[in-house]
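Worksheet: the structure to be examined is printed underneath.
The values are calculated or read from the model by the stated rules, or taken from the named source; none is laboratory data. From a predicted model like this one, the values you see are computed outputs, not experimental measurements. Here the Cβ positions follow ideal geometry from the backbone for every residue, glycine too, while neighbour counts run over all protein chains shown. For the accessible areas, the whole protein counts, side chains as well, though only heavy atoms, and no ligand, DNA or RNA atoms are used. Shrake-Rupley method; radii C 1.70, N 1.55, O 1.52, S 1.80 Å.
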Amino acid sequence: MKENKLFQPVSVIKGIGEETQSLLNNIGVESVGDLLEYFPYRYEDYRLRDLADVKHEEKVTVEGKVYSEPSLTYYDRKKSRLTFRLIVGRYLINIVCFNRPYLKKKISIHLTVTVTGKWDLHRQTITVQELFFGSQQKNEIEPVYSVRGNLTVKAMRRFVQSALQEYINDVEETLPENLRKKYKLLTKQDALKGIHFPKNHDHLKQARRRFVYEEFLLFQLKMQALRKFTREHSKGIKHKKHEELLQKFISDLPFPLTGAQKRVVQEILSDLYSPYRMNRLLQGDVGSGKTVVAAIVMYAAVLSGYQAALMVPTEILAEQHADSLSSLFAKLPVEVALLTSSIKGKKRTQLLQRLEKGEVHIIVGTHALIQDDVHFHQLGLVITDEQHRFGVEQRRVLREKGEYPDVLFMTATPIPRTLAITTFGEMDVSVIDEMPVGRKKVETYWVKPNHLERILEFIEKEVRKGRQAYVICPLIEESDQLDVQNAIDVHSMLTHYYKGRFQIGLMHGRLSSDEKEEVMRAFTENKVQVLVSTTVVEVGVNVPNATVMVIYDAERFGLSQLHQLRGRVGRGNEQSYCILLADPKSETGKERMKIMTETNDGFVLSEKDLELRGPGDFFGKKQSGMPEFKIADVVHDYRALEVARSDAAILVNSPSFWKNDEYKPLREYLRNTGILNGDKLD
């Protein structure tokens, strides 16, 4: 954009005085350029349509001849209702206008009028919102802008129209010609006209297509440049290869790796062996075997003379990981240790001394790992499990315990590819999308609450075989707002029902960490047979003996959360079951239950969840990290996102991008974001 004109304050536009300027400033429109890029959020459609194609209560515009004299009635003192009949094509319909008594004198038989309003199919009536005499005077499509205070949509249209007329020639192209030609995209000037005042629906579609691609390309350029510079500026460790020893370790594992595990191991190892610092996200569904992958790459770091740390969110999880790693390395000279807040006194002091001397090769722990008195001999690899459960600051502190260690984040929350690209765009993403052979699928059933008795009998049958069950509830205790079964009520009901036969545990977020650990330990050791809990058991707990998961009010959970909960069972050799207790009223709720019973694939579910809930809800608005796009939509425009990502990666890594004039506007954009100056580098 040419600086001189488009950076002028918006008050240079005719009709914008001080008061309007301040109203526009409040919605982020300060310059002429801002006004041109203040896009409509929807459009009014004034195309003339055949009533045969119009659904009940849809908004429609029709043109016709008046067939009857208008009739006017008053009610409620000053309110009025005017009705007349209109011939539209082969239909004779009723027209109703509220509070427009003046039209009575203007409307006469045989007059041509155009009306826009809501169509009542049953009464064959249009309730008028707008009425014109004669044929259609408006554009087919009119923009609707988001406005506040005394600003009106009509005024916004006028201001934007003036800005386009006067300054459109000052708008410079941002996209290089080769990309525009490749995808047959409109020029920026044409796209601006088309997004504000499209000639027709195709013009609008092409304008939108251009801006969707541009938004994604700019965002991905930022991500790819950040990734490139972070990589090139970050000193890393080039780990030494010990392929024979590593291969022997892999072939001695008690089970063969899946194809996906082998691929992911290679991706991570190539990062370890490069001189750059690894910054990778490893996604794998519940039970896909991420821990084994972590063990292999930690062993690679140990063989290279470094220590590895694995940080997990809970003590029980840390203990489980430490146990499984100790058994995997039992025959090798690899020292695995556990550090949690429960390890105190002399035992802790000795452990920290051995860690600092390098006698401990792999340490597994909770955030106890990031305390000030924890020092490593030579930390070369940091793995964070369920990384979204730790704050950015906690992850950074652990990373800084070593000299540029490689960093791997692991998550069992399948993130749809489009969200992984946008939210973790500056990271490399590896995906384990295949389950180990022989793992039994959890059978999932959707049951209405009136069959509760049968479910309780089923739990009893399983427990009598020596198995255990989870019962999950959405709330801790009675709530006025929501009629949902809460954990405390359910716990007392089950205690009464199974009295004297089984132990029923209770777990919820209001318990202290120690109390939670205690309840969980009792369940892990089968001292408690049925555990009633809120969603705090969602991540990572491994109780292979549990075969039943009952979820109360299942329609209140998102698909990804239901899938995480289902992943708590099916970890042993026995067949496991997930029972969704739900009576959803909405179509979305019913759809969710249906999808859950049809697939066990977390990635399929996460994509469906994204479609049903949208990106903000997927991560939870507050910590979503989702970029805000003006026009683009990561769910519906995901193909454009994939294309833009691939184009951005090619551009950033090609020397011509950094030299040629055609890419100057894109380089300027990167410079303005601060990435080229290193402002955004870690």
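List of remarks:
- Furthest towards positive pole of dipole, Leu24, Gln129, Leu86, structure part region 1-134, Cβ charges: Leu86
- Shape class of region 537-614 from the Cα gyration tensor (axes a ≥ b ≥ c, square roots of the eigenvalues): prolate, since a/c reaches 1.5 or more and a/b is larger than b/c.
- Around the amide H of Val334, modelled in the peptide plane, lies no amide H under 5 Å away from a residue 5 or more places distant or on another chain.
- Label-reachable residues, region 109-134, where backbone N falls under 19 Å from a point 7 Å from Arg90's Cα toward its Cβ: 121-122, 124-125
- Based on C-alpha pairs under 8 angstrom that are at least 6 apart in sequence, region 62-148 has a relative contact order of 27 percent.
- Prolate/oblate/rounded label for region 159-316 (Cα gyration tensor, a/c 1.5): prolate
- Links that overshoot a 31 Å alpha carbon limit, given the list Lys154/Lys222; Lys78/Lys199; Lys55/Lys585; Lys188/Lys235; Lys331/Lys357: Lys154/Lys222; Lys78/Lys199; Lys188/Lys235
- Amide H contacts for Ile432 (H built 1.01 Å from N in the peptide plane; partners 5 or more residues away or on another chain; cut-off under 5 Å): Gln283, Gly284, Asp285.
- Radius 15 Å from Cβ of Gln350, net charge of other residues (Lys, Arg +1; Asp, Glu -1): +2
- Surface composition of the chain: carbon plus sulfur atoms contribute 48% of the solvent-accessible area (1.4 Å probe, protein chains only, all chains present).
- Probe 1.4 Å, accessible area per residue of the chain, Å²: 49
- Each Cα pair under 8 Å and six or more residues apart adds its sequence gap; the mean of these over the residue count of region 19-81 is a relative contact order of 16 percent.
- Taking a span of 24 Å or more along the helix axis (Cα atoms) and a mean Kyte-Doolittle hydropathy of at least -1.0 as the rule, the DSSP H helices of the chain that qualify are 201-233.
- For the chain, excluding the exposed loop sites themselves (GluC sites (Glu not before Pro), DSSP loop, at most 14 other Cβ atoms within 10 Å), the longest remaining stretch covers 174-358.
- Relative contact order computed over the chain (Cα-Cα under 8 Å; 6+ residues apart), in percent: 12
- Other-chain or far-sequence residues with amide H under 5 Å of Asp553's (modelled H): Leu581
- Gyration tensor (alpha-carbon) shape descriptor, the chain, a/c threshold 1.5: oblate
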